[in-house]
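Colleague: This structure is in structure tokens; I'll ask about it shortly.
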Amino acid sequence: MSHLDIAVVAVKTGTLLLGSLITFLSLKAYNRTGSAALRALSIGFGLITVGALLAGVGHQFTSLSLAQSVVIESTLTFLGFAVIVYSLYAE
């Protein structure tokens with residue numbers, strides 16, 4: 001494992017931990033308030049976090065190249081941000 005691979009694993013692990021915490025806290029807020037906007041926010045952050053997880057797993061444990069993993073992560077990040085933008089306008 002190269003230094004670059006170690007750096008990618010470390011950053012992905014941090015992203016996964018923080019993304020999971022943000023998703024958990026926003027889901028907890030949704031459960032407390034029942035707000036549709038907070039539900040959408042939770043889904044958006046969840047998509048971004050799952051994208052980071054799948055990209056890391058795809059690159060480290062499957063035959064996916066780094067470029068393919070980046071496409072997966074970028075797609076889920078895009079979708080997650082789209083849902084977060086929606087959450088800012090939801091009633």
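No lab work stands behind these numbers, since they all come straight from the coordinates. Being a predicted model, the structure only gives us computed values, none of them experimental. Neighbour counts run over all protein chains shown; Cβ positions are idealised from the backbone, glycine included.
Colleague: When both residues are 6+ apart or on different chains and their Cβ atoms are under 7 Å apart, which pairs have a first residue that lies in the range 21-43 and is under 17 Å from THR77 (Cβ atoms), and a second that is of a type in the set (Phe, Trp, Tyr) and surrounded by 14 or more Cβ atoms within 10 Å (Cβ to Cβ)?
Modeller: Filtered contacts from the range 21-43: ILE22/PHE45; THR23/PHE45; SER26/PHE45; ALA40/TYR86; SER42/TYR30.
Colleague: Among the listed residues VAL57, VAL9, VAL83, VAL71, which satisfies the condition of being β-branched (Val, Ile, Thr) and crowded, with 17+ Cβ neighbours inside 10 Å? So that I can check it myself, show each step before the final result.
Modeller: Working: VAL57 fails: crowded, with 17+ Cβ neighbours inside 10 Å; VAL9 fails: crowded, with 17+ Cβ neighbours inside 10 Å; VAL71 fails: crowded, with 17+ Cβ neighbours inside 10 Å.
Selected residue: VAL83, the only one of VAL57, VAL9, VAL83, VAL71 that is β-branched (Val, Ile, Thr) and crowded, with 17+ Cβ neighbours inside 10 Å.
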